[in-house]
1. Between 0 and 90 degrees, rounded to the nearest ten: what's the tilt of helix 14-31 against the longest Cα principal axis of the chain?
2. Tell me the angle of helix 70-98 to the major Cα principal axis of the chain, expressed in degrees between 0 and 90 and rounded to the nearest ten.
3. Within the chain, how many Lys pairs sit with Cα atoms under 21 Å apart, leaving out pairs fewer than 8 places apart on the same chain?
4. Could you order peptides 5-11, 50-56, 79-85 by the average number of other Cβ atoms within 10 Å of their residues, highest first?
5. If you count the DSSP beta bridges with both ends in region 2-98, what percent of them are antiparallel, to the nearest 5?
6. Convex hull over the Cα atoms of the chain, averaged projected area in nm²?
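Coordinate-derived values only; no laboratory data. What you see is a predicted model; the values in this text were computed from it and never measured. Heads up, the Cβs are rebuilt from the backbone with ideal geometry, glycines too, and the neighbour counts pull from every protein chain shown.
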Amino acid sequence: MIIEYTGRHTTVTPKHKSLVEAGMERIDRVTNRCTSAHVILEEDKYRKIAEVTVQCRGEKLVATSEATEMETALHDALQKVEMQAIRHKERHTTVRDHQSKPLAV
C-alpha cells in the first residue's frame, strides 16, 4: 500500500509514520483491497488535527479527528477508518450472500 504524508505547520516524525503503518496493517487485514492512503497532519494553536483518507476498490474511506496531542488524534482517526472498513466489508458480504444463485441444469 502506498502511503503519502502531508504535514501542515508541523513535521511528520518517524513515530507518526510507525503509528500510521501499524494502523494501515490492521485496515489492510480487514479489507485486502486498499491501494493507497493519504495522511494529513495539521497543527493549529492548541489543537492537532489528523485526517486519514484510504482509497480502496470502488470506495474511499475518510476520517478526521481532533485532539490536544497528535498521537491521540492520529489513533482516533485510524480507529474511525478501521470501523468504516469493517462496516463496508460486512455490507459487501451480506449483499453477496443474499444474491440469488443460478439454478444448475
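1. Roughly 10 degrees between the two axes.
2. 10
3. Close lysine pairs under the 21 Å cut-off: 10.
4. Numbers: 5-11: 12.1, 50-56: 22.0, 79-85: 18.9.
Highest-to-lowest ranking by the protection proxy: 50-56, 79-85, 5-11.
5. On the way: 18 of 25 bridges.
Antiparallel: roughly 70 percent of the beta bridges in region 2-98.
6. Working: hull surface 29.2 nm².
Mean projected area of the Cα convex hull: 7.3 nm².
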